[in-house]
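Structure record follows, encoded as structure tokens.
Read-outs throughout are calculated quantities, based only on the coordinates presented, and are distinct from any laboratory measurement. As the structure is a computational prediction, the values presented were derived from the model and not from experiment. Cβ coordinates were reconstructed from backbone atoms using ideal geometry, including for glycine residues, and neighbour counts include every protein chain displayed.
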């Protein structure tokens, strides 16, 4: 699977990663190489095979639908680069 | 006084109980050892000596009153992936600059509740992505082991300690802590253990709570210990594992007293030897080691059976779809807004893009891009879903094997420790480090690496035992037989001390 430079840029945009022109060129080869290598999975017949979802059959745990945690705005924002009054501060997003 | 840092975890525990030395003396010895060695090994990112001594004081008080808990007064190293309240927790990444969690991971809380002492946070590959510890924002870790030339002289070349838990393996191997926590997504406990002559176990998926462990690939990540001996690993795992309401994938099963069940031996144990692990280009010394392991287990009363795990070769490529896909999703949270590094941009999206580009290292960026690509519109079925179906087949191979055998024996790695820079230029060469370990994560099974011999260059090699789900007990028992036969492996010259 060849990944061209335009695809690298599109994927980088989706991943919210800024990349330089030089990086885009390098990644074109690296990503193509890795995707070529995983192509070998096409040799495997997976018709009728269910995707693996868990290691051992355990029932999904249920609990009462009640609040068990919260009221920790100060803790939640404690590590933010910028915060104010329990809110995260970001650049203006609405005109 | 003898050098307390050279004791095993079990010996230190017994010494504390017998009042041969105090927790404060023991902790002080490790603090001094870290101070001397860390500039050379770079195993610790942050040492926490004041906290350690405060914890040691509490332990000494409890020991004096005869109220010692199971791990009372035992100093440990903690991988930087575990959230430790108020203490540096950055997954060895620039993107988490300054992050100090307001909560404690369940695994570390379990250890502190059992009386253990924290010496500091251990270096690792950034976000646990790597097999050499070279992707850490804090620089590589140096393996205490060195290659020996034919003349017998030790080389000064710096070898890697494996990864991603390279700080954990180096610190345990160099006697900078009694044991360490680690995590394993594709081999990150077992491969570094093999490269440093230490014991490492990745328990069954669900055995340890993942709560408070920085997520890499959630369906594969598991915590486990790296320790000096099989007994020490058994002690550690018992006190790391628990059922935890905060992690719905942790299982509600009693944690056995693994240590109490050691020494049962392997009489009548059925050991499987999978032919698919004899890969092309495998070093002859690895093959010899494997045969030696077979012979030891046979001599101890086990029976050996050739088995086939036909989908083995697809585990690594499937892993390099599943793990990056889950990582790209998990690492979406590092946005320059909620924690860590922010690089201001022209607008919000530009801030995200700049913060993430500067905050993540090259390997992490590469994996995020792969993951984003395979999950992008139109590709989900062809990649992620397909890989998850291959996982079912890998697991089915093992399920069929368990009809014939109780454990599977393989080498841990295809080669011994390599030099820094030797494989870092080629991602695929580095990914092949996990070729023998990754199937275990894909199938969710427990796997242990136990030191079993030395390479021609005098560096350690490990054997891996793979077990049935939640049968860590048998792995410890069989690993003990190998350890008893092989002896312990201690780096020949303490050049770092």
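P(r) tail for chain B: Cα pairs beyond 40 Å make up 15% of the total. Our estimate of slack between residue A:68 and residue A:43, defined as 0.36 nm per intervening residue step minus the Cα-Cα distance, is 4.2 nm.
When peptides B:70-76, B:330-336, A:45-51 are sorted by average Cβ neighbour count within 10 Å, with the highest value leading, the order is B:70-76, B:330-336, A:45-51.
Normalising the average separation of contacting C-alpha pairs (under 8 angstrom, six or more residues apart) by the number of residues puts the relative contact order of chain B at 18 percent. Expressed to the nearest 5 percent, the antiparallel share of DSSP beta bridges inside chain B is 70 percent. Largest GNM mean-square fluctuation across A:74, A:15, A:59, computed for chain A with C-alpha springs under 10 Å, falls on A:74.
Note on the range A:1-73: along the principal axes its Cα atoms extend 52, 45, 14 Å, ordered by decreasing extent. Legend: P(r) of the protein assembly as shown from all alpha carbon pair distances, 10 Å bins from 0, whole percents, reading 4, 18, 29, 28, 16, 5, 1, 0. Considering the range B:411-460 at the alpha-carbon level, its Rg and Dmax are found to be 12.5, 34 Å. Shown here are the Rg and Dmax of the Cα trace of the range B:202-269, at 13.3, 41 Å. Each part reduced to its alpha carbon centroid, the range B:181-197 and the range B:11-32 end up 27 Å apart. To check you understand DSSP bridge types, tell me what percent of the beta bridges within the range B:1-146 (both residues inside) are antiparallel, rounded to 5. Of the beta bridges lying entirely in the range B:1-146, close to 45 percent run antiparallel.
Alpha carbon centre of the range A:52-76 versus the range B:64-137: separation in Å? One Cα centre to the other: 23 Å.
Provide the three semi-axes, in whole Å and in decreasing order, of the ellipsoid equivalent to the range B:14-131 as defined by the square roots of 5 times the Cα gyration tensor eigenvalues. Could the numbers behind the result be given before it?
Details: eigenvalues 145, 52, 24 Å².
Semi-axes (√(5λ), whole Å): 27, 16, 11.
If both residues of a DSSP beta bridge must be in the protein assembly as shown, then about 70% of such bridges are antiparallel. Considering only A:43, A:64, A:30, the mean-square fluctuation computed in a Gaussian network model of chain A, springs between alpha carbons under 10 angstrom, is largest for A:64.
Computed on chain A, with alpha-carbon pairs under 8 angstrom and 6+ residues apart, the relative contact order is 20 percent.
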